[in-house]
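Inspection log for the structure reproduced underneath, given as structure tokens.
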Amino acid sequence: MNQAIILARRAFAHDDVPIGAVIVRDGRIIARGENRVQQKKNPTLHAEIVAINRACKKLGTKFLDDCDIYVSLEPCAMCATAISFARIKNIYFAAPDPKGGGITANARIFETDKHLWKPHVLQMPEYADVSAKLLRDFFKLRRKN
């Protein structure tokens, strides 16, 4: 999760919402991603999507069923669905997202029986404060400017 927080800071540095994600296989990071929505002018380039694309390319596969993803903020519905489609085994996230989260808030996409792949989801509250502060600082700066 520390690496996801570092990536979130990188996203902040290039004026993207500070969210980072890492994909881990057999205890090793195989892919990293940070939000690149503003940088690349593409609304789908969330940290999770960037990391999934990189992991699939690296492994030469479309399924990541032996991988875990660590994200600095609860994934939105789009990213949670992409994680499911990639068949990632476990989702670990730092801060919950009551406004835009797709797992514990709003869409709650894994609460339906119709989802083909349901990853195990775990919040890591010991990282929630640092992630939430980064987001608050980012949006405070945005409102100021």
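The values are calculated or read from the model by the stated rules, or taken from the named source; none is laboratory data. Everything numeric in this text was worked out from a predicted model, so none of it was measured. Here Cβ is always computed from backbone atoms with ideal geometry, including for glycine, and neighbour counts include all displayed protein chains. Just the protein is used for accessible areas: all its heavy atoms, side chains included, with ligands, DNA and RNA removed. Shrake-Rupley method; radii C 1.70, N 1.55, O 1.52, S 1.80 Å.
What about Leu64, is it surrounded by 13 or more Cβ atoms within 10 Å (Cβ to Cβ), of a type outside the set (Phe, Trp, Tyr), modelled with pLDDT of 95 or more and part of a helix (DSSP H, G or I)? When the stated conditions are applied, Leu64 does not pass them. What about Arg32, is it under 26 Å from Leu134 (Cα atoms), open to solvent by 10 Å² or more (accessible area, probe 1.4 Å) and in a helix (DSSP H, G or I)? Against the criterion (under 26 Å from Leu134 (Cα atoms), open to solvent by 10 Å² or more (accessible area, probe 1.4 Å) and in a helix (DSSP H, G or I)), Arg32 does not qualify. When residues in region 3-41 are screened for being touching a residue at least 40 places away in the same chain (Cβ under 8 Å) and either small (Gly, Ala, Ser) or out of contact with any Ser or Thr (no Cβ under 8 Å at 6 or more places or on another chain) (or both), 13 of them pass.
From the list Asp16, Asp97, the lone residue that is closer than 20 Å to Pro125 by Cβ, of a type in the set (Asp, Glu) and part of a loop (DSSP other than H, G, I, E, B) is Asp97. Could you tell me whether region 122-135 includes any residue that is touching a residue at least 40 places away in the same chain (Cβ under 8 Å), of a type outside the set (D, E, K, R) and either assigned to a loop (DSSP other than H, G, I, E, B) or surrounded by fewer than 12 Cβ atoms within 10 Å (Cβ to Cβ) (or both)? Within region 122-135, one or more residues are touching a residue at least 40 places away in the same chain (Cβ under 8 Å), of a type outside the set (D, E, K, R) and either assigned to a loop (DSSP other than H, G, I, E, B) or surrounded by fewer than 12 Cβ atoms within 10 Å (Cβ to Cβ) (or both). Restricting Arg28, Arg32, Arg36 to residues that are under 19 Å from Ile5 (Cβ atoms), charged (D, E, K, R) and more than 13 Å from the chain's Cα centre (by Cα) narrows the list to Arg28. Exactly one residue out of Phe93, Phe85 is in contact with a Leu (Cβ under 9 Å, 6 or more places away or on another chain), over 15 Å from Val17 (Cα atoms), open to solvent by 60 Å² or more (accessible area, probe 1.4 Å) and without any contact (Cβ under 8 Å) to a residue 60 or more places away in the chain, and it is Phe85.
Can you find even one residue in region 36-47 that is in contact with a Leu (Cβ under 7 Å, 6 or more places away or on another chain) and closer than 22 Å to Arg143 by Cα?
So far as region 36-47 goes, yes, one or more of its residues are in contact with a Leu (Cβ under 7 Å, 6 or more places away or on another chain) and closer than 22 Å to Arg143 by Cα.
Among the residues making up region 35-58, those that are touching a His at 6+ places or on another chain (Cβ under 8 Å) and assigned to a helix (DSSP H, G or I) are Val37, Gln38, Gln39. Of everything in region 42-61, what is free of Cβ contacts under 8 Å to residues at least 24 places away in the same chain and either open to solvent by less than 10 Å² (accessible area, probe 1.4 Å) or within 22 Å of His14 (Cα to Cα) (or both)? Give them in sequence order. Residues satisfying the conditions are Asn42, Pro43, Leu45, Asn53.
Within the set Ala11, Ala21, the sole residue that is open to solvent by less than 20 Å² (accessible area, probe 1.4 Å) and closer than 17 Å to Ala128 by Cα turns out to be Ala21.
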